[in-house]
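The values are calculated or read from the model by the stated rules, or taken from the named source; none is laboratory data. Here the structure is a predicted model, which is why all the values come from computation and not from measurement. Virtual Cβ from ideal backbone geometry, glycine too; neighbours counted across all protein chains shown. Only protein heavy atoms, including side chains, enter the accessible area calculation; ligands, DNA and RNA are left aside. Shrake-Rupley method; radii C 1.70, N 1.55, O 1.52, S 1.80 Å.
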Amino acid sequence: LHNLVPEWNDLIYHGNWEEAYYRLKKTNNFPEFTSRVCPALCEAACTCGLNGDAVSTKANEYGIIENAYEKGYAAAKQVKVRTGKKVAVVGSGPSGLAAADMLNRRGHSVTVFEREDKAGGLLRYGIPNMKLEKQIIDRKIRVMEEEGITFVTGCDVGKDKKAAELLQEYDRAILCCGASNPRDIKVPGREAKGIYFAVDFLKSTTKALWANQMQLKDGEYISAKGKNVMVIGGGDTGNDCVGTSMRHGAKSVLQLEMLPKAPDERALDNPWPEGPKTDYGQQEAIAVFGNDPRVYQTTVKEFQKDKGGNVCKAVLVKLMPKKDEKTGRLAMEEVAGSEYTVDVDLVLIAAGFLGSENYVTKAFGVDVDGRTNVATSPGAYGTNVPNVFAAGDMHRGQSLVVWAIREGREAAQEVDVSLMGYTNMNIQ
């Protein structure tokens, strides 16, 4: 995002919180989101960390934006001049919201379409409440609505609304539908009951909380209470599954990681800066169970079912890295005779995402690459279809919220040029 971190750190050091807010907002549309969910690699990269503790960049960002809401700096600011141009944004995740925010500020009339019942995309239903409270999303959506952006929820473009109809109504369209195809685990026994994709598990908890005044009611969500939980995948989503399972009251939690464990101390081939090794989910599991839930260089080979068809055991196998002599790449291969069986009642697949959903790309007729991401020229966001653009995970593949915001900003700038012949957006 090219955040001016040293500048706003210095401004709050001198007590100038209002100016710090404007410097932060210059590059980041949604510090209320990033200060909560971003892994803060900028903090890990702080030069103070060479000899001591890093500057608390993430906490400073949080302080700046929350102070801005409290003091009124973050209130809606009306757009004074409208261009008469209309832009449709399909998807209300961070890239779609960023694009909508930038284009609305420019004076274009923006409508955001979201297939879920509420705006926010994976910010709302893919990230648990303990990382991002949903009222924080609602607060920002209200501001964007007051500034003139229209949100249409419960509308699945490509199904409920035809692409041709959308393109007839609007001058430009930006596809920001995310990389929402979850990667599956294809092993014997996969059809057993009790095996879910991580995003479905997390979504069920969030929806159940909001339907019942932040209280979970049995039978209304996928519950880990009293169960032996196995999470497949070691990324942010896997960690969220661990943390959510802990809050449900899981009997045990096991998290599988295919890759080797990172060294506890900095390795010779790991120069500064170094990112965090554990996150809140693992830390909470350690606090409750006394051990890290992660097992490394391990994958599942088979699921076993009980008489009722429910998953009851998983056969795991150890892996070893082996270099391909032709390509030089490392691949993980099974270790012969290393299989072992564990009890499991709930399996959560957090193995990443494969790319965009094809009903949207087919509806608009946009080209996709070998990873099913929407294809564009390098460094550009325009697709092969005139007036149709793409940004975020749908364009670059599964990535961080900060990358989604950056893509939304850059796509908005490209759309603005296509509409006006020039742009006065300052996105860096």
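Worth a mention:
- Helices (runs of 4 or more DSSP H) wholly inside region 12-84 that include at least 3 residues being open to solvent by 40 Å² or more (accessible area, probe 1.4 Å): 17-27, 41-44, 57-71
- Flag if Ala88 is under 23 Å from Leu122 (Cβ atoms), in contact with a strand residue (DSSP E or B) (Cβ under 9 Å, 6 or more places away or on another chain), of a type in the set (A, V, I, L, M, F, W, C) and touching a residue at least 12 places away in the same chain (Cβ under 8 Å): yes
- Residue among Asn228, Asn212 that is over 22 Å from Asp156 (Cα atoms), at pLDDT 95 or above and out of contact with any Leu (no Cβ under 6 Å at 6 or more places or on another chain): Asn228
- Filter result (touching a helix residue (DSSP H, G or I) at 6+ places or on another chain (Cβ under 8 Å) and open to solvent by less than 60 Å² (accessible area, probe 1.4 Å)) within region 280-324: Tyr280, Gly281, Gln282, Glu284, Ala285, Asp292, Pro293, Arg294
- Within region 157-169, the set of residues being surrounded by fewer than 17 Cβ atoms within 10 Å (Cβ to Cβ) and either assigned to a loop (DSSP other than H, G, I, E, B) or not polar (S, T, N, Q) (or both) comprises Lys159, Asp160, Lys162, Ala164, Glu165, Glu169.
- The residues in region 234-285 that are small (Gly, Ala, Ser) and modelled with pLDDT under 90 can be counted, and the count is 6.
- Residues that are closer than 10 Å to Leu348 by Cβ, in a loop (DSSP other than H, G, I, E, B) and not small (Gly, Ala, Ser), drawn from region 213-260: Ile222
- When residues of region 112-139 are limited to those that are open to solvent by less than 10 Å² (accessible area, probe 1.4 Å) and in a helix (DSSP H, G or I), the one farthest from Ser204 (Cα to Cα): Ile137
- Qualifying positions in region 177-212 - closer than 27 Å to Lys307 by Cβ and of a type in the set (Gly, Ala, Ser): Gly189, Ala192, Gly194, Ser204
- Leading residue by the ranking (most open to solvent (accessible area, probe 1.4 Å)) among those in region 173-212 that are outside any loop (DSSP other than H, G, I, E, B) and farther than 25 Å from Gly234 by Cα: Trp210
- Residue in region 104-111 that is of a type in the set (Ser, Thr, Tyr), part of a strand (DSSP E or B) and open to solvent by 60 Å² or more (accessible area, probe 1.4 Å) present: no
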